[in-house]
Each structure stands twice: as structure tokens, then as C-alpha cells.
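Everything on this sheet refers to the single structure shown next.
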């Protein structure tokens with residue numbers, strides 16, 4: 001081959017290698033662009049999720065003061081006082097992305113848009129998350145309190161799910177957690193020979209004391225800050241005429257009732273039939289039941305009790321519903337004095353008890369199927385709580401605001 005041919009071959013090879021190098025370089029550039037877009041897309045999603053969580057925090061703890069009326073710079077004075085339209089919130093996360101939240105006037109829907117690397121970038125990537133907001137059930141624990149929780153000797157705690165039938169056999173689990181918002185040493189006291197099928201948690205700085213031969217199957221943490229709103233009695237009940245005092249045995253059919261008190265002597269019965277019954281008891285001693293009392297909710301019925309005063313249940317009392325489903329007997333206390341809810345010994349109760357302003361005591365040898373919340377909670381010797389996990393999804397008139405439906409749009 002002459003030198004001209006060699007030169008031509010050399011040039012051709014140079015062109016081929018240059019093209020290959022350019023292709024490799026272009027592929028590397030494209031891969032880098034795709035990697036950056038993927039990273040920005042992932043971060044944008046989490047920024048959008050951060051916007052939803054910030055919204056829930058605003059509703060529960062900050063009264064929406066970081067929101068403004070949509071299209072203006074006028075700050076909201078509260079979640080329910082923010083003009084007639086939507087409210088918005090724009091946040092830039094330091095060193096990361098941005099998010100913008102639009103929440104409707106009724107505080108029931110929030111749409112959060114995450115933008116990375118930032119909302120004004122020419123290469124911005126956005127992800128949108130929409131959340132439906134509603135009341136979150138307060139019954140997330142077997143037992144929970146603002147302050148002290150005391151489990152006395154030989155108590156037993158576990159869980160089941162009433163949606164799957166009666167407690168027992170395969171329908172048992174270890175999700176019966178116990179918690180407190182308390183922040184002091186020994187705020188949760190676990191006595192001797194306790195079997196606690198679940199986790200234990202306190203507020204920051206709180207500690208747990210554990211006696212001899214006691215077992216906790218779950219974790220122990222110290223980060224609680226659980227919102228326990230005060231009970232608000234429905235206006236449909238407060239507006240009723242007062243029926244005075246109801247004594248002895250009775251049968252109540254579907255409807256709303258308002259009494260000063262209900263006083264049940266020994267060996268009496270209260271039957272709930274025909275549908276949902278709501279009771280509002282206004283007296284200082286709102287509800288008292290003597291020994292060997294039976295309160296029964298028939299199939300297809302439900303009982304909700306709101307008390308302004310104390311509630312006291314004697315020995316050997318049974319609170320039951322068809323199938324012993326705890327959500328069918330709900331007790332809500334507005335009482336803020338001491339010892340507002342007392343359940344004495346040897347009872348069997350299928351119920352959810354919410355009394356955030358007062359002390360709750362579960363007596364010796366009691367078996368509670370459901371959940372109990374109080375200012376303080378004491379579970380006495382040989383008692384058992386079988387937490388009904390289905391209560392975690394119960395729609396109630398109390399509880400903190402949370403996400404009920406979530407989706408990316």
C-alpha cells in the first residue's frame with residue numbers, strides 16, 4: 001500500500017474511533033442526565049410527602065398559621081379562619097427541594113407538589129401527592145395516658161382483631177402496645193410477672209421500670225407526643241331536654257338520650273336494642289353500676305356514652321355486645337377531676353374507653369377487650385387487656401387529624 005493509501009486508512013480509523021468516542025461520551029452524558037432526572041424525581045416525591053406531613057402538623061399543632069389565603073399573602077389566623085377559598089403554603093427545604101401545598105377550605109383535602117431542584121429551575125421535575133384528611137382514631141394502643149401508666153403484678157396484655165372473629169387461638173397477636181406522653185422517670189411502671197405482648201413508649205425523657213420476671217415482646221422508645229384532644233359532646237346531645245335520673249334496669253332503643261345520671265343497683269341490666277344509642281350524662285356522678293350488673297348491646301346496635309362526671313362500675317360486671325366487638329360500646333369522658341373512670345374487680349368488658357382528662361382504673365382480675373386511654377391508667381393485679389386492632393381504624397368524634405386516603409396524582 002502506498003503512502004496515500006496508508007493515510008486514507010489512518011484517517012478512516014481516526015474517524016471511526018472519534019465517532020465511537022463521541023458515542024460513548026454522548027451515552028455517558030445521557031446517562032448522567034437520566035440519573036439526575038431520576039434523583040430529582042425521587043427527591044420531588046419525598047418533598048411532596050414532606051408537604052403532606054407538614055400540613056398534618058399544622059392542623060394538629062400550629063393552627064395552620066404557616067398557610068396563607070390562596071392568591072394572596074394574607075396569613076391564616078387559624079385552620080378555620082382563612083378566607084372563603086383554599087389556603088396555600090410554600091416551603092423551600094434548605095439544601096434540597098421545594099414544596100407547595102394547596103388545602104381546601106374545609107381542611108379535608110391537601111395536594112402537595114414537590115419540585116426539584118427547585119420550583120423556579122428550568123429543569124424542574126415535579127411530583128404531586130394528594131391526601132384526604134380526617135379524624136384519626138385515638139385507639140392506637142391497648143393502654144395510653146398523658147401521664148402515668150401502671151401495670152400491677154401478673155397483668156397480661158396482647159391483641160387480636162375483632163374483624164377476624166372472637167379473641168383466641170389463631171386470632172391473637174402481640175400488638176397490644178402501652179404508651180404515655182409522660183417525660184419523667186418511671187412514668188410507666190411494669191410490675192412483676194407481667195406479659196406485655198407489644199411495645200412500650202414514653203415521651204422524651206420518660207423511662208420505664210420493669211419488675212421481676214416480666215416480658216415485653218416489642219421495643220421500648222421515648223419519642224411520644226400523641227395528641228389526645230378533649231372530648232366534645234355532640235351538639236345533638238347537649239341540646240336535648242334532660243330526662244333526670246334513670247334508676248335500675250332499663251331497655252333503650254335506637255336514639256339519643258340525655259340524663260343527669262344513670263344509677264344501676266346490684267343485679268340489674270341495661271339492654272341496648274334496635275340500632276345506635278347515644279347517651280349523654282351530665283351529673284357529677286354520671287354513671288354508677290353496682291355488682292353483678294349486665295350491660296348488653298344487641299346485634300345491629302351500638303352504644304356511645306358521653307359523661308361529664310364520674311363513671312363507676314362495680315364487681316362482676318359484664319359489658320358485652322353481639323360478638324363482643326369493642327367498637328360497639330364506646331365510652332367518652334369530659335371529666336377533669338381525679339378518678340373519673342373506675343372499673344372494679346372480676347369484670348368482663350368489651351369496650352373502648354377514652355378519658356384523657358381523668359384517671360382510669362381497671363380492677364383486679366378484669367378482662368378488657370378493647371382499648372383504654374386516660375390522664376393516667378392503672379391496670380391492677382391479674383387483669384388483662386386484649387387490644388382490638390380494628391379500633392385503630394375507628395372513625396370517632398375525637399382523636400388527632402391524620403391521613404385517611406393517600407395517592408400520587
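Please treat every number below as a calculation from the coordinates, not as lab data. Keep in mind that this is a model prediction, so the values were computed, not measured. When we count neighbours, we look across all protein chains shown, and the Cβ atoms used for this are built from the backbone with ideal geometry, even at glycine.
The share of alpha-carbon pairs in region 143-393 lying farther apart than 32 Å comes to 18%.
If you count, for each residue, the other Cβ atoms within 10 Å and average over each peptide, how do 112-123, 351-362, 213-224 line up from highest to lowest? Don't skip to the answer; put the middle values down first.
Values: 112-123: 17.6, 351-362: 24.1, 213-224: 14.3.
By packing density, highest mean first, the sequence is 351-362, 112-123, 213-224.
Taking 0.36 nm per residue of separation and subtracting the Cα-Cα distance, what length does fully extending residue 221 through residue 135 add?
That pair, residue 221 and residue 135, stretches by 28.5 nm at full extension.
A P(r) calculated from all alpha carbon pairs of region 35-137, with 5 Å bins opening at zero, reads 3, 15, 24, 22, 17, 11, 6, 2, 0 percent. Computed over the chain, relative contact order equals 15 percent, with contacts defined as Cα pairs under 8 Å that lie 6+ residues apart. Across region 94-249, the mean sequence separation of Cα contacts (distance under 8 Å, 6 or more residues apart), normalised by length, yields a relative contact order of 15 percent. Fully extending the segment from residue 77 to residue 209, taken as 0.36 nm per residue of separation minus the present Cα-Cα distance, adds 43.2 nm. Suppose each label sits 7 Å from its Cα in the direction of the beta carbon; what would the residue 108-residue 57 distance come out to in nanometres? Output for this residue pair reads 2.7 nm.
For n ≥ 4 DSSP H runs only, could you compute -39500 (n - 2.57) per run for the chain, divide by its residues and tell me the 222 nm figure to the nearest 500?
On the way: 2 runs with 59 residues, N = 409.
My calculation for the chain gives -5000 deg cm²/dmol from helical runs alone.
Using 0.36 nm per residue and subtracting the Cα-Cα separation, the extra length available between residue 266 and residue 397 on full extension is 43.9 nm.
Calculate how many DSSP beta bridges within region 98-256 are antiparallel, expressed in % of all such bridges and rounded to the nearest 5. So the antiparallel bridges in region 98-256 amount to around 45 percent. Cα axis of helix 3-57 to longest principal axis of the chain: angle in degrees, 0 to 90, nearest 10? For 3-57 against the chain, the angle is about 20 degrees. Across region 93-145, Cα pairs under 8 Å and at least six residues apart give a relative contact order of 29 percent.
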